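The values are calculated or read from the model by the stated rules, or taken from the named source; none is laboratory data. What you are looking at is a predicted structure, and each value in this text was computed from that prediction instead of being measured. We place every Cβ from the backbone using ideal geometry, glycine too, and count neighbours over all the protein chains shown.
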Amino acid sequence: MKGSMGIPALQLVTLNKLISSFVRPPSNYFSGLFPTTQYDSDTIEWELEYGSGGMTPFVAPGAVAPTIGIDGIGTASAKAAYWKEKMYFDEEFLNNMREPGSYATYMRAERQITKGAQKLRYRVDRRREWMISQMLMNGSLTYTQKGGIKFTVSYGVPTSHFVTLDDSRNWKDGASKSAMEDIFDAKRTLADDAMVVPNHTIINSEMLKVLMFDSSIQALLHKSAFGDGDLFGRPAQVIGSLLGVGNLTLYDELYEVQAWLTQTTSGTTVYLDDVSDFEVGGKARFYNMKAYNTYEDEVITAVDVEAGTITVGQAPTATFIGGQDKVVMRKKFVPDNVLFMFADSQDGNKVAEFMEAPYGNTRRWGFFADTKPEWDPEGIWLRVQDKGLPVLYYPDTTYKITAFDLDEY
């Protein structure tokens, strides 16, 4: 195509080298914890193991050795998830890159391509980060399969490893609250069920503030070598060491999902083209796409994937138009009311892995970028793709405490 031919920045080899050279978002905590493996098909199978591998039994001299399997208690399987996105560059933009003698124009356009490619790469990586976080923290993952079917993988995490504190024990103002006791119980459960000690604990800054001012932790600090000065100077390290919960990591990153209105707003039921990533408790921001910086926020109270709707606490005051306006939800990877702890290894093996599945006519694995010309009107599409699934081999090595009700605070 005339508009894109001869533009080095849009050659596939150049594009993939460029995008591969981008440093992945340093804020992606979960993605850096576990290895990545290429699987031979898009039906991913993995072994499940609960508890430790145990130890070899005694036998009489001369007796036949007992047999032990290598695949734990059984296997699980699911189709790999597939995600992709694209960006369009029109004819005028492309031809300006080929205009003779316009080096400055070319460099501006090349920077725009680079910025667009980096944005696409970060969004792909953030989707992988979201998948791993959902697997670990919620014990399940919901995504779209062939034919638009919504599918949920349940990773078999014991229900006893998801603890929601009742009002009397909530860590903000519960009459019998004891964060230290609840964390001790969590560590004991991990030790009893999986024979592991948590070496990672993750919270956000709101939960850190709750722990810093917890009376039982304050009392213990006064008796320890840390003291208040150390607590406020390096709170995560002090509390992590005091409680013996491994590396205490603060993770305040958010992810954003958006969908277009398919019907004009009327009441509290909102129709969107894709609601699968929206969550109860998230804040839905309604954007008027014809007016700059015009929006309205409402809290999501229900999500119906089958109907393609979300329900908000109050109907938007303004009218937002179907097919024109959109809804955006921004949500923290780690909610304000959650403390999550886990061991990343069991018997010397990583407890989880990300399996990349093959896709495309050329059978590719992992992230890939390509382009496709548009004939009328002329232009070019830049597309990025990825396919895979996180797997959890040891489901009893994670523990989640929901310490208070967000709706109350």
Any chance residue 386 is within 17 Å of residue 143 (Cβ to Cβ) and of a type in the set (D, E, K, R): yes
Top-ranked residue of the range 167-181 - restricted to ones that are outside any helix (DSSP H, G or I) and of a type in the set (A, V, I, L, M, F, W, C), ranked as nearest to residue 308 (Cα to Cα): 171
Selection count, the range 334-351, where residues are of a type in the set (Val, Ile, Thr) and closer than 20 Å to residue 207 by Cα: 2
Residue within the range 182-194 that is modelled with pLDDT of 90 or more, farther than 20 Å from residue 404 by Cα and in a strand (DSSP E or B) present: no
Enumerated strands (runs of 3 or more DSSP E) restricted to the range 238-329, each holding at least 1 residues that are in contact with a strand residue (DSSP E or B) (Cβ under 6 Å, 6 or more places away or on another chain), among the aromatic types (Phe, Trp, Tyr) and not assigned by TED's automatic domain parsing to the domain that holds residue 142: 254-260, 269-271, 283-287, 295-304
Single residue of the range 31-65 satisfying the filter (in contact with a Lys or Arg (Cβ under 8 Å, 6 or more places away or on another chain) and either of a type in the set (Asp, Glu) or exposed (fewer than 10 other Cβ atoms within 10 Å of the Cβ) (or both)) that is nearest to residue 389 (Cα to Cα): 42
Within the range 149-166, tally of residues that are in contact (Cβ under 8 Å) with a residue 40 or more places away in the chain and part of a helix (DSSP H, G or I): 1
Evaluation of residue 169 against (1) exposed (fewer than 13 other Cβ atoms within 10 Å of the Cβ); (2) touching a Lys or Arg at 6+ places or on another chain (Cβ under 7 Å) (one fails), failing number: (1)
Odd one out for residue 170 among (1) in contact with a helix residue (DSSP H, G or I) (Cβ under 9 Å, 6 or more places away or on another chain); (2) under 30 Å from residue 348 (Cα atoms): (2)
Test: residue in the range 300-312 that is at positive phi and of a type in the set (Gly, Ala, Ser): yes
